[in-house]
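*Asks:* First the structure, then my questions, so here it is.
The values are calculated or read from the model by the stated rules, or taken from the named source; none is laboratory data. Note that the structure is a prediction, hence the values are computed from the model and not measured. Glycine also receives a Cβ, built like all others from the backbone with ideal geometry; neighbour counts cover every protein chain displayed. Quick note on the areas: whole protein, heavy atoms, side chains included, nothing else; ligands and nucleic acids left out. Shrake-Rupley method; radii C 1.70, N 1.55, O 1.52, S 1.80 Å.
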Amino acid sequence: MMRRTPALIAAVTAALLAGLPGVARATTIWVPASCATGSFGSVTVDAQGHYLVPAHMELCEPFQTRFNYGIALFLNDGTVPMVTGNKLQSYGMTDVIADVLPRANPVPPFAFCLMRDTETRVACVRIDTAADRTASSAPLAVNDRLVGDPVIFLRKPYTILPNYCATCVSLNW
């Protein structure tokens, strides 16, 4: 049994490093698809105050593993919206959760957009928070003023922050 333990640890480590089939893996290269559709679900707020919004992105052209997309956070406070290489998602993983933990109180309106590239917003959602801290979400036009700021892409994040959950795309405020 003692000889199997190192082999088991090595196998598990190799599987984690290589990634599991169907799981999006981070990259630093943004390769946009020429056509994609997307949508957001309704926002929920967990016990820790994380705003969680389901997102769905799908290709409308043949799948290629090199294509990826991002989710940008728009705060409307002068902060530059960005997508980083470690947060790019594969079209093989079409359902993800946008996750943000607001630091402001009260929480001002903000938005998420599914981005095919830094110029192309596929779908956007506006998040509003009432005085009683209940949150609501509504689809937002991709050309709305709230999401009008240019999005930048950084191949590597300027800080390393852990994801809140395995299927989340954590965006930090």
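*Asks:* Somewhere in segment 28-45, is a residue aliphatic (A, V, I, L, M) and either modelled with pLDDT under 50 or part of a helix (DSSP H, G or I) (or both)? Explain how you work it out, then say what you get.
*Replies:* So in segment 28-45, the residues aliphatic (A, V, I, L, M) come out as 29, 31, 33, 36, 43, 45.
Right, trim to either modelled with pLDDT under 50 or part of a helix (DSSP H, G or I) (or both) and you get none.
Checked segment 28-45: no residue is aliphatic (A, V, I, L, M) and either modelled with pLDDT under 50 or part of a helix (DSSP H, G or I) (or both).
*Asks:* Moving on to the next point. Against the condition part of a loop (DSSP other than H, G, I, E, B), modelled with pLDDT of 95 or more and within 25 Å of VAL31 (Cβ to Cβ), how does ASN163 come out, does it pass? Don't jump to the end; show me each part of the working.
*Replies:* Values: part of a loop (DSSP other than H, G, I, E, B): yes; modelled with pLDDT of 95 or more: no; within 25 Å of VAL31 (Cβ to Cβ): yes.
No.
*Asks:* Among the candidates PRO108, PRO150, which residue alone is modelled with pLDDT of 90 or more, more than 25 Å from PRO32 (Cα to Cα) and part of a loop (DSSP other than H, G, I, E, B)? If you could, list the steps in order and put the result at the bottom.
*Replies:* Details: PRO150 fails: more than 25 Å from PRO32 (Cα to Cα).
Sole residue among the options that is modelled with pLDDT of 90 or more, more than 25 Å from PRO32 (Cα to Cα) and part of a loop (DSSP other than H, G, I, E, B): PRO108.
*Asks:* Being part of a loop (DSSP other than H, G, I, E, B) and at pLDDT 95 or above narrows it down to one residue among VAL80, VAL125, VAL142; which is it? Steps first, answer last, please.
*Replies:* On the way: VAL80 fails: at pLDDT 95 or above; VAL125 fails: part of a loop (DSSP other than H, G, I, E, B).
Testing whether each residue is part of a loop (DSSP other than H, G, I, E, B) and at pLDDT 95 or above leaves just VAL142.
*Asks:* Then there is this: Can you tell me which of (1) touching a residue at least 40 places away in the same chain (Cβ under 8 Å); (2) open to solvent by 30 Å² or more (accessible area, probe 1.4 Å); (3) farther than 29 Å from THR134 by Cβ is the one ASN68 doesn't meet?
*Replies:* (2) is the only condition that ASN68 fails.
*Asks:* Quick check: anything in segment 128-137 in contact with a Leu (Cβ under 9 Å, 6 or more places away or on another chain), of a type in the set (S, T, N, Q) and open to solvent by less than 50 Å² (accessible area, probe 1.4 Å)? Can you show your working first?
*Replies:* So the first thing to find is which residues in segment 128-137 are in contact with a Leu (Cβ under 9 Å, 6 or more places away or on another chain), and the list is none.
Taking every residue of segment 128-137 in turn, none turns out to be in contact with a Leu (Cβ under 9 Å, 6 or more places away or on another chain), of a type in the set (S, T, N, Q) and open to solvent by less than 50 Å² (accessible area, probe 1.4 Å).
*Asks:* Scan segment 106-121 and report the pairs whose first residue is in contact (Cβ under 8 Å) with a residue 12 or more places away in the chain and open to solvent by less than 30 Å² (accessible area, probe 1.4 Å) and whose second residue is charged (D, E, K, R) and part of a loop (DSSP other than H, G, I, E, B), with Cβ atoms within less than 7 Å and a gap of 6+ or a chain change.
*Replies:* Within 7 Å, no pair qualifies.
*Asks:* Let me ask something else about it. Quick one: count up the residues across segment 83-103 that are part of a loop (DSSP other than H, G, I, E, B) and more than 19 Å from VAL125 (Cα to Cα).
*Replies:* Count: 4.
*Asks:* Looking at segment 71-105, which of its residues are of a type in the set (D, E, K, R) and open to solvent by 20 Å² or more (accessible area, probe 1.4 Å)?
*Replies:* Within segment 71-105, the first condition is being of a type in the set (D, E, K, R), and the residues that meet it are 77, 87, 95, 99, 103.
If the condition is that a residue be of a type in the set (D, E, K, R) and open to solvent by 20 Å² or more (accessible area, probe 1.4 Å), then ASP77, LYS87, ASP95, ARG103 are the ones that fit.
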